[in-house]
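Below: the structure, in structure tokens.
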Amino acid sequence: MPFVIGTSPILPMPIILGFIFVFLAIQIFAFSNFKKINIFHVFAFFIMVIFAINPQIINILKKDRPQKIIIVKDYSASMIASGRFNGINNAANDLKNKIKKNKNYEIIEGEISNVSQVTSFANALEQVENNIDKNEIGGAIFITDGIGIDKNEIARPYPIHQILIGNENEKDAYIELIEAPKPNKISETAKAKIIVKTKNIDDKIARLNISLAGFAPYQINVPTNKEYDIEFKIQSSAITPVAIEILPFDNEISVANNAIITNIEGIQDRLRVLLVTGEPYEGTRAWRNLFKSDPAIDLVHFTILRSPEKEDYANEEEVSLIPFPTEELFIDKLSEFDLVVFDRFQNLVGLRDEYFQNVTRYVKDGGALLVAFGPKDAEGKGVLSTSLNEIIPINQPPEMIDGDFKPSLTEQGMHHPITQNLNQKWGKWDRIFKTTTNANVLMNGGENPLLIVNQVEDGRIALILSDKSWYWQRGFDGGGPFRELIGRTAHWLMKDPALSDKYIKLKDDINSIKIDYFGDGSLQEMRVIGPKQNLEISPNENEKFQFSRTINNPDFGLYKIATDDAYGFIIHGAKGETYNSFLSASPNTIKNVANHNGGGNYFYIGIDGKGQIGEITTIDNLLFAKANQIFFRKNKNSQDIETARRPFIPQSLYAAIMALFLIIAYAGRKLFRQNLD
């Protein structure tokens with residue numbers, strides 16, 4: 001057994017050093033005066049110093065340091081999506097119990113977080129290695145499905161093993177969107193190029209379920225592992241979400257990767273707007289400039305200048321103004337317009353009521369109507385004097401009130417896409433037409449409705465109960481967002497999908513799906529259809545225009561959320577390795593690297609994690625590892641352990657030697673003095 005010489009002073013070393021200094025000083029003084037030194041005194045003193053220092057023999061035992069064994073549990077999204085969570089814990093407990101039977105192993109645990117959308121085995125190892133001496137690592141074991149992104153980054157000088165929570169040859173399929181549908185003209189078709197990839201599945205045909213927002217789902221058959229074009233007929237200019245999902249195959253390991261979401265979009269070349277105004281006034285130019293400045297709008301504008309009763313002494317050939325083309329506009333061409341605007345309309349030209357009945361039908365069939373009231377409406381000679389009063393949502397004849405007021409948003413206006421987020425540095429208006437309504441009021445003028453919107457069967461209507469909106473465009477009293485307000489109102493009326501007043505926003509997190517609904521307060525019920533669960537959600541009584549709900553711990557896969565007129569699709573877990581990839585367990589990510597470095601084996605132990613793993617052992621040479629072993633490299637590091645101490649010279653011997661020298665020194669001194677006498 002090797003040993004070393006150590007000390008265990010019986011006095012503090014500074015005191016011992018002090019004694020030595022004093023003794024040397026005395027000896028130097030004696031030599032300087034008497035030219036002699038008693039050598040036996042010196043020997044006796046140094047024997048006393050050695051006794052005080054107390055030299056000892058220390059026996060040392062060389063012992064191997066414990067081997068650090070790294071165990072990393074993979075809780076990433078792919079593990080959770082394929083239902084392997086419980087298997088992780090079962091396998092970990094079994095593995096640790098087997099490792100602990102060898103007392104020279106020390107287990108160091110790490111994990112891949114459940115918020116990890118992509119598994120990096122190398123990063124997981126680095127996080128554990130940062131806290132330990134890398135030379136003491138005997139090996140690493142991953143409890144995983146083997147799905148990861150690492151290449152050579154995972155290479156280590158020690159073996160890396162995989163305990164795969166799953167079975168060999170697991171069946172799986174996923175769908176990939178190769179080419180998204182391109183926007184096309186309404187009534188034309190759009191194509192989505194997809195491919196359904198399968199693994200360990202014999203079926204050559206996949207059954208797809210296709211859901212277009214607002215339409216009944218339908219199913220088609222497509223070949224597997226081949227590109228395929230799915231055609232969609234474009235029916236509107238709205239952006240329509242489309243969900244395409246594979247109906248599960250028998251014994252498929254997961255459906256989390258069985259769906260994709262894309263959009264189809266219709267293109268409308270240009271929008272046609274019919275603007276009919278009463279006698280010219282300051283606001284006419286503002287309305288005209290607004291629509292003419294939009295390159296996507298073709299404007300047809302007519303102004304009613306005179307009534308039939310007005311005397312006219314000019315010859316007919318001298319009249320340069322064209323007649324009001326009533327029949328062409330209100331009968332023949334009306335359906336070609338996307339928006340009809342009446343601004344301070346005055347019913348002075350004796351228009352037949354059938355024209356306005358036709359406008360009413362136009363709105364009910366899906367058309368858009370914007371009415372800005374003027375003085376004639378308060379006199380009973382405006383739009384309310386026509387058949388349009390059937391669809392105009394006010395309860396009593398308007399009363400014209402002149403006086404300053406600042407427009408303001410109602411509660412609903414704060415959430416409606418027409419008026420939400422409008423810059424509210426607004427100037428004053430000075431005229432409003434007082435009335436009441438049961439429709440949706442977005443803006444008030446004082447205590448009176450100012451901007452009203454409403455759904456009329458398949459169409460929409462908006463009322464501006466003032467003829468002073470142009471004040472904002474001219475900058476009076478600081479002006480206001482005239483262009484934004486009228487522009488948004490017009491596009492909302494024309495059902496621009498970007499201004500939908502009923503829509504759903506969805507956000508996917510690793511453990512939840514958040515649903516935000518925005519509407520007009522009429523929502524009765526929201527339907528949620530998930531991979532394994534269907535829900536019905538109703539707003540609370542005080543949630544009129546907006547409400548939020550969270551689905552906690554949802555199953556991975558496609559969710560369809562729908563109301564009567566708002567739709568949304570979301571795939572829970574459609575990120576990273578749970579999307580566009582197989583979720584069947586595989587050792588390949590680590591296996592290819594491990595074979596060229598420290599080596600390593602893998603073991604399939606089932607989804608429940610209760611299968612058999614290999615024999616656990618340490619070997620000197622990794623080249624002789626066996627395929628059925630979880631083997632670790634043998635570390636050459638050792639540590640010194642002190643096992644015993646004993647005095648270098650027994651204390652009694654110290655005393656005898658020191659006494660001997662003192663006696664000799666005393667006898668020699670006495671003999672020296674006798675010789676002098």
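Each value in this text was obtained by applying a stated rule to the coordinates, not by laboratory testing. This one's a predicted model, so the numbers in the text were calculated from it and none came from an experiment. All Cβ positions, even for glycine, are placed from backbone atoms using ideal geometry, and neighbour counts span all protein chains on display.
A few points about this structure:
- The ranking of Ser584, Ser187, Ser237, Ser548 by Cβ neighbour count inside 10 Å, starting from the fewest, reads Ser187, Ser548, Ser237, Ser584.
- The lysines within cross-link reach of Lys364, meaning a Cα-to-Cα straight distance under 17 Å and a gap of 8 or more places when in the same chain, are Lys333, Lys495.
- Positive-end ranking of Val528, Ile69, Phe476 along the dipole of the chain, with charges on Cβ about the Cα centre, is headed by Ile69.
- Each label was represented as a point 7 Å from its Cα along the Cα-to-Cβ direction; for Gln546 and Val300 these points are 4.0 nm apart.
- Extending 7 Å from the Cα toward the beta-carbon at both Glu136 and Gln612 defines two label points whose distance is 3.5 nm.
- Net charge contributed by nearby residues that have their C-beta within less than 13 Å of Asn423 (K/R +1, D/E -1): +2
- With helices as the sole contributors, the chain gives -6500 deg cm²/dmol at 222 nm; each DSSP H run of n ≥ 4 counts as -39500 (n - 2.57), and the sum is divided by every residue.
- Relative counts (whole %) of C-alpha pair distances in the stretch 503-572, using bins that are 5 Å wide: 4, 17, 34, 24, 14, 7, 1
- Compared with the direct C-alpha span, the chain from Lys364 to Asp620 gains 83.5 nm at full extension, assuming 0.36 nm per residue.
- Greater than 26 Å apart at Cα, pairs in Lys226/Lys514; Lys381/Lys468; Lys507/Lys610: Lys226/Lys514; Lys507/Lys610
- Counting Lys and Arg as +1 and Asp and Glu as -1 over every other residue whose Cβ lies under 11 Å from the Cβ of Thr277, the net charge comes to 0.
- The simple Förster model, with R0 at 60 Å and r as the Cβ-Cβ distance, assigns Arg285 and Asp516 a FRET efficiency of 0.90.
- Dipole of the chain computed with +1 at Lys/Arg Cβ and -1 at Asp/Glu Cβ about the Cα centre; of Gly413, Thr436, Phe624, farthest Cα towards the positive end is Phe624.
- Helical segments meeting 30 Å axial Cα length and Kyte-Doolittle 0.0 threshold in the chain (DSSP H): 13-34, 651-676
- In loop segments of the stretch 133-195 as defined by DSSP, the GluC sites (Glu not before Pro) with at most 14 further C-beta atoms inside 10 Å of their C-beta are Glu168, Glu188.
- Taking a straight Cα-Cα cut-off under 15 Å and skipping sequence neighbours fewer than 8 places away in the same chain, the aspartates and glutamates within cross-link reach of Lys376 are Glu279, Asp343, Glu399, Asp402, Asp467.
- The percentage of C-alpha pairs in the stretch 271-498 whose separation is greater than 33 Å is 13%.
- Cα pair distances in the chain, grouped into 10 Å bins until the bin that holds the longest one, percent each: 3, 11, 14, 12, 11, 9, 9, 7, 6, 5, 4, 3, 2, 2, 1, 0, 0, 0
- In the stretch 43-172, the convex hull through the Cα atoms has an average projected area of 12.8 nm², a quarter of its surface area.
- Extended-chain gain in nm, criterion 0.36 nm per residue less alpha-carbon gap, Ile529 and Glu179: 123.3 nm
- Theoretical FRET efficiency, 1/(1+(r/R0)^6), r = Cβ-Cβ of Gln27 and Lys634, R0 45 Å, to 0.05: 0.15
- Chain lengthening between Ser113 and Glu188 when straightened (0.36 nm per residue, less Cα-Cα): 22.3 nm
- Peptides ranked, highest mean first, by Cβ atoms within 10 Å: ranges 329-336, 193-200: 193-200, 329-336
- Under a 5 Å amide H cut-off, with hydrogens placed 1.01 Å from N, Ser512 pairs with Asn553 among residues at least 5 apart or on other chains.
- Debye log10 I(q)/I(0) for the stretch 369-451, one point scatterer per Cα, at q = 0.10, 0.12, 0.16 Å⁻¹: -0.26, -0.37, -0.65
- Remark: the chain carries a charge dipole of roughly 5960 debye about the Cα centre, counting +1 on each Lys and Arg Cβ and -1 on each Asp and Glu Cβ.
- Taking a straight line from the alpha carbon of Lys193, these aspartates and glutamates sit under 17 Å away, with near neighbours fewer than eight places off in the same chain left out: Glu176, Glu179, Glu227, Asp229, Glu231, Glu245, Glu265.
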